[in-house]
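The values are calculated or read from the model by the stated rules, or taken from the named source; none is laboratory data. Only a predicted model underlies this, so the values are computations on that prediction, with no experimental measurement involved. Counting neighbours? That spans all protein chains shown, and the Cβs are built from the backbone with ideal geometry, glycine included.
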Amino acid sequence: MESLMPKLPIADWVDRFVDWLTITFEAAFDGITVGLESVVEGLVTGLGFIPSYLFMILLGLLAWKLSSKGIALFTIIGLLLINNLGYWEPMLETLALVLTAVFLSVIIGVPIGIWASQSKRVKQIVTPILDIMQTMPAFVYLIPAIFFFNIGVVPGVVASVIFSMPPTIRLTILGIQQVPADIIEATEAFGSTTSQRLLKVQLPLAMPTIMAGINQSIMLGLSMVVIASMVGAPGLGADVYRAVTQIQIGKGFEAGLAIVVIAIILDRITQNIGIKKQGGN
């Protein structure tokens, strides 16, 4: 059935906009590519420099300190399994990609969330953008990322940042705005400035909620590793993607299991940080 209105050339507009960005900011995109590649490769090298068994013990101790003995035991057993299956190096590459993406999500998302929590106009602008970021299929982010950053780990990191940032921003806004009004009134009565109220009262009280947002960003970042492998990102996602294309069910299950182990370890550690902060432990 033909439409009464002519079709809007949205695809052409987007293509022209991407072409303009690619040409205009080519130097900036090249700089970002070099910088992110250096960060990810540096993390992989640094993590790989630590002997595998020492890494297991250190991460297990960290899990014990920040979470519980049960999570520490699971961490060590899970990492032993990954090492036994031969996915240690891909695991380190995946961990480096996710940590880089989450770090960028936090240093960009938390300030935006703070800004939006203090300004209704900023929140009105940010909210629909977050809706688009969360509902747009993740594959769509890879298309412009390839144009801007070529094939490799960088478009995977950028797509992961875009996909995983919204929970950090949303829960930062929510956490700050949920601080009880009587506490805000008390700080105002004592003559606190806006920055003092934000830094000494609102952010500490909102920290459990902010940590929940970071936790969700980590999970979304891990969910992107397989998609990122389609544009050349290394790691466990590449092993899963290779197994799918070659119909190797066993290999795909092993690599997927390794991703699940890493996801559970990171989830439980960051989740319990938020619980402990809320409980004041």
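For the condition among the small types (Gly, Ala, Ser) and within 21 Å of the chain's Cα centre (by Cα), residue 235 qualifies. For segment 186-206, filtering for residues that are in a helix (DSSP H, G or I), of a type in the set (Ser, Thr, Tyr) and surrounded by 11 or more Cβ atoms within 10 Å (Cβ to Cβ) leaves 2.
Yes/no matrix, rows are residues, columns are (1) at pLDDT below 90; (2) under 14 Å from the mean Cα position of the chain (by Cα):
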| position | (1), (2) |
| --- | --- |
| 156 | yes, yes |
| 163 | yes, yes |
| 168 | no, yes |
| 174 | no, no |
| 178 | yes, no |
| 181 | yes, no |
| 189 | yes, no |
| 201 | yes, no |
| 205 | yes, no |
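Among the residues here, residue 27 qualifies as assigned to a helix (DSSP H, G or I), out of contact with any helix residue (DSSP H, G or I) (no Cβ under 9 Å at 6 or more places or on another chain), of a type in the set (A, V, I, L, M, F, W, C) and on the phi < 0 side of the Ramachandran plot. Checking the stated criteria, residue 267 turns out not to satisfy the condition of being acidic (Asp, Glu), under 30 Å from residue 33 (Cα atoms) and buried (at least 22 other Cβ atoms within 10 Å of the Cβ).
Summed over segment 106-124, the residues that are surrounded by fewer than 12 Cβ atoms within 10 Å (Cβ to Cβ) and hydrophobic (A, V, I, L, M, F, W, C) give a count of 1. Here residue 219 does not qualify as part of a helix (DSSP H, G or I) and either modelled with pLDDT under 85 or farther than 23 Å from residue 89 by Cα (or both). Listed by first and then second residue, the pairs linking a residue in segment 20-34 that is of a type outside the set (A, V, I, L, M, F, W, C) to a residue that is modelled with pLDDT of 85 or more and part of a helix (DSSP H, G or I), with Cβ atoms under 6 Å apart and 6 or more places separating them unless they lie on different chains, are 33/154. Residues in segment 77-124 that are more than 24 Å from residue 207 (Cα to Cα), free of Cβ contacts under 8 Å to residues at least 40 places away in the same chain and in a helix (DSSP H, G or I): 77, 80, 83, 84, 88. Check segment 189-203 and report whether any residue there is at positive phi and not hydroxyl-bearing (Ser, Thr, Tyr). For segment 189-203, residues at positive phi and not hydroxyl-bearing (Ser, Thr, Tyr): present. When 151, 176 are screened for being surrounded by fewer than 23 Cβ atoms within 10 Å (Cβ to Cβ), at negative phi and part of a loop (DSSP other than H, G, I, E, B), only 151 passes.
Please work out if residue 71 is out of contact with any strand residue (DSSP E or B) (no Cβ under 9 Å at 6 or more places or on another chain), within 23 Å of residue 262 (Cα to Cα), assigned to a helix (DSSP H, G or I) and of a type in the set (Val, Ile, Thr). Spelling it out, residue 71 is indeed out of contact with any strand residue (DSSP E or B) (no Cβ under 9 Å at 6 or more places or on another chain), within 23 Å of residue 262 (Cα to Cα), assigned to a helix (DSSP H, G or I) and of a type in the set (Val, Ile, Thr). Of the residues contained in segment 7-30, none is found to be within 18 Å of residue 91 (Cα to Cα), loosely packed, with under 15 Cβ neighbours inside 10 Å, under 24 Å from the mean Cα position of the chain (by Cα) and not small (Gly, Ala, Ser). Applying a threshold of 9 Å to beta carbon distances and a minimum spacing of six or more residues, or different chains, the list of pairs starting in segment 215-232 at a residue that is over 12 Å from residue 161 (Cα atoms) and ending at one that is among the acidic types (Asp, Glu) and crowded, with 23+ Cβ neighbours inside 10 Å reads 229/239.
Per-residue answers, yes or no, for (1) more than 22 Å from residue 156 (Cβ to Cβ); (2) of a type in the set (A, V, I, L, M); (3) assigned to a helix (DSSP H, G or I):
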position	(1), (2), (3)
14	no, yes, yes
23	yes, yes, yes
38	no, no, yes
47	no, yes, yes
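Would you confirm whether or not segment 86-105 contains a residue that is over 29 Å from residue 25 (Cβ atoms), at pLDDT 90 or above, surrounded by 20 or more Cβ atoms within 10 Å (Cβ to Cβ) and aromatic (Phe, Trp, Tyr)? Yes, because at least one residue in segment 86-105 is over 29 Å from residue 25 (Cβ atoms), at pLDDT 90 or above, surrounded by 20 or more Cβ atoms within 10 Å (Cβ to Cβ) and aromatic (Phe, Trp, Tyr).
Of all residues in segment 241-260, those being farther than 17 Å from residue 163 by Cβ and either under 17 Å from the mean Cα position of the chain (by Cα) or surrounded by 22 or more Cβ atoms within 10 Å (Cβ to Cβ) (or both) number 3.
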